[in-house]
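The values are calculated or read from the model by the stated rules, or taken from the named source; none is laboratory data. As the structure is a computational prediction, the values presented were derived from the model and not from experiment. Virtual Cβ from ideal backbone geometry, glycine too; neighbours counted across all protein chains shown. Remember, those area values only see protein heavy atoms, side chains included, never the ligands or the DNA or RNA. Shrake-Rupley method; radii C 1.70, N 1.55, O 1.52, S 1.80 Å.
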Amino acid sequence: MTDTSEQWRVRFDAEVGFANGGGLQTQGFRLDVPGPEIEDGELGELLVRHLGLLMVEGVRITNREVLREPHKGSRGTAAGGTATERRIVDLSHPIRPGMVTYPGLPGPEISDHLSRHASRELYAPGTEFNIARISMVANTGTYVDTPFHRFSEGPDLAALPLERLTDLPGLVVRLDGAPGRAIDRSLLLPHEVTGRAVLIHTGWDRRWGTDAYGSGHPFVTADAAAWLAEQGPALVGIDSVNIDDTADGTRPAHTALLAAGIPVVEHLRGLEQLPPSGFRFFAAPPAVEGMGTFPVRAHALVDGER
């Protein structure tokens, strides 16, 4: 059993490879560790997180030496600037008649229940109203998946607390231009995701409205989804047609995240307009009982800086 009164560090060499090419080498690097039994894989993850490295493909640890030394602490990032104004960034696709969101699902039908012309017979002269109606599947436009979408006993749209959907501290994971489709755990490790709305920016939304949008999209792997579920983000969103690989019928990302009570927002757009952090995210649907998915007007509130 490790004596928790003792503190440990590891001195080691490392070779880091990046998914978009290139590498990084360290010699004699030291890191605080929870105990002397730490394995190379966990040590590599600590290095990635400590340095804030992005798009890491792999870490090779050599020449490691465990040292009984006091912890030095991780580097902090000082916030700069003074908030002076705010801007709202719309992150949702508009819903239009007949549009395709997910291949194979019908587009929405929008019509008048009461037209302006017909309403004139019901109101005083010069007064008119329009009452519209819409028929659509729940998976239309930019929408949120609640646990009920995957699990019959999970909370539905009405039961999921608003605290999981509104005024969330936001984080953008920039992966636009990354090679390959799979978003693995190593690409998420540098980010502090706990309690945040984690928005994965792949740039796939540029294909929205074309046949190319519906296939070959980026997706979160089972291992990455399991890691996210362990870390406990408030919400996970992606600007792709599906957070899962649609060729995988087990849907591991939906399964892991929704089982952990973490809502999923799909078909986001415009994530390039957001800073990496320092914004608030909102994606609340109507409180409909017995439904697990519904469109949202996803948006972010970004503080300006002087």
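Assigned to a helix (DSSP H, G or I), under 30 Å from Thr221 (Cβ atoms) and not polar (S, T, N, Q): does that describe Leu187?
Working: assigned to a helix (DSSP H, G or I): yes; under 30 Å from Thr221 (Cβ atoms): yes; not polar (S, T, N, Q): yes.
Yes; evaluated as a whole, the condition is true for this residue.
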Segment 169-188, residues that are open to solvent by 60 Å² or more (accessible area, probe 1.4 Å), farther than 19 Å from His50 by Cα and touching a Pro at 6+ places or on another chain (Cβ under 9 Å): Gly180, Arg181
Positions within segment 183-208 being more than 11 Å from the chain's Cα centre (by Cα) and of a type in the set (Gly, Ala, Ser), in sequence order: Ser186, Gly195, Gly203
Top-ranked residue of segment 262-306 - restricted to ones that are modelled with pLDDT under 95 and among the charged types (D, E, K, R), ranked as farthest from Gly52 (Cα to Cα): Arg306
Any hit, segment 45-57, residues being modelled with pLDDT of 85 or more, open to solvent by 80 Å² or more (accessible area, probe 1.4 Å) and of a type outside the set (A, V, I, L, M, F, W, C): yes
Hits in segment 135-168 (condition: within 16 Å of Pro285 (Cα to Cα) and surrounded by fewer than 16 Cβ atoms within 10 Å (Cβ to Cβ)): Val137, Ala158, Ala159, Pro161, Leu162, Glu163, Thr166, Asp167
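Tell me yes or no: at least one residue of segment 200-214 is in a helix (DSSP H, G or I), aliphatic (A, V, I, L, M) and modelled with pLDDT of 95 or more.
Step one: filter segment 200-214 for residues in a helix (DSSP H, G or I), giving 204-207, 211-214.
From the residues that got through so far, the ones that are aliphatic (A, V, I, L, M) too are 212.
Next, from what is left, pick out any that are modelled with pLDDT of 95 or more: 212.
Among the residues of segment 200-214, at least one is in a helix (DSSP H, G or I), aliphatic (A, V, I, L, M) and modelled with pLDDT of 95 or more, which makes the answer yes.
Report whether or not Arg207 is in contact (Cβ under 8 Å) with a residue 40 or more places away in the chain, closer than 19 Å to Glu266 by Cβ and not small (Gly, Ala, Ser).
Values: in contact (Cβ under 8 Å) with a residue 40 or more places away in the chain: no; closer than 19 Å to Glu266 by Cβ: yes; not small (Gly, Ala, Ser): yes.
No, not satisfied.
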Qualifying positions in segment 113-129 - of a type in the set (Asp, Glu) and open to solvent by 90 Å² or more (accessible area, probe 1.4 Å): Glu121
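How about segment 24-44: which of its residues are small (Gly, Ala, Ser) and either open to solvent by less than 30 Å² (accessible area, probe 1.4 Å) or under 22 Å from the mean Cα position of the chain (by Cα) (or both)? Step through it out loud before you land on a result.
To start, the set of residues in segment 24-44 that are small (Gly, Ala, Ser) comprises 28, 35, 41, 44.
Gly35, Gly44, listed by residue number.
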Selected residue [open to solvent by less than 40 Å² (accessible area, probe 1.4 Å) and within 16 Å of Leu268 (Cα to Cα)] from His191, His201: His201
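State which residue is nearest to Ile200 (Cα to Cα) when the search covers only segment 215-242 and only residues that are in a strand (DSSP E or B) and out of contact with any Asp or Glu (no Cβ under 9 Å at 6 or more places or on another chain).
Here is the first cut: in segment 215-242, the ones in a strand (DSSP E or B) are 219-220, 235-238.
Filter once more, so that each one left must be out of contact with any Asp or Glu (no Cβ under 9 Å at 6 or more places or on another chain): 235-236.
Values: Leu235: 11, Val236: 8 Å.
Looking at residues that are in a strand (DSSP E or B) and out of contact with any Asp or Glu (no Cβ under 9 Å at 6 or more places or on another chain), I get Val236.
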Residue among Asp245, Asp223 that is in contact with a Lys or Arg (Cβ under 8 Å, 6 or more places away or on another chain), within 25 Å of Glu153 (Cα to Cα) and surrounded by fewer than 19 Cβ atoms within 10 Å (Cβ to Cβ): Asp223
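Which of the strands (runs of 3 or more DSSP E) found entirely inside segment 86-184 contain at least 2 residues meeting this: touching a Lys or Arg at 6+ places or on another chain (Cβ under 7 Å)? Walk me through how you get there before you give the answer.
Working: elements: 86-90, 109-114, 131-135, 143-145, 168-174.
Answer list for segment 86-184: 109-114, 168-174.
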